[in-house]
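Shown next, in structure tokens, is the structure this report addresses.
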Amino acid sequence: MEDSDWCNLAGLLGYEEERIETFRHEEHPVRALLSDWASKDCASIDALCTALRKINREDIAQSLVLSPSAAKPTATSVV
């Protein structure tokens, strides 16, 4: 995922720029973002797929929906 993709995704998932900047300093920013977001009450595969589609990452959204572990995938399983 390109830098602008995950930053846009973070915004759609409700993160402010200041918090996004902290993820940017992590070794694996996308993993840090998704791990943090997955711990929230509002986190769901449907919400993640909706946000992914909004940033034109239908490929990732589809892989979540079609995954053999789709019964209980985790947000970080896409990383």
task: Name the helices (runs of 4 or more DSSP H) wholly inside the chain in which the number of residues that are modelled with pLDDT of 95 or more and exposed (fewer than 15 other Cβ atoms within 10 Å of the Cβ) is 3 or more.
output: 17-24, 45-54
Tabulated pairs, segment 42-59, first closer than 16 Å to residue 4 by Cα, second at pLDDT below 95 and aromatic (Phe, Trp, Tyr), C-beta under 6 angstrom, 6+ apart or interchain: none
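The values are calculated or read from the model by the stated rules, or taken from the named source; none is laboratory data. What you are looking at is a predicted structure, and each value in this text was computed from that prediction instead of being measured. Reconstructed Cβ throughout: ideal geometry from the backbone, glycine too, with neighbour counts over all protein chains shown.
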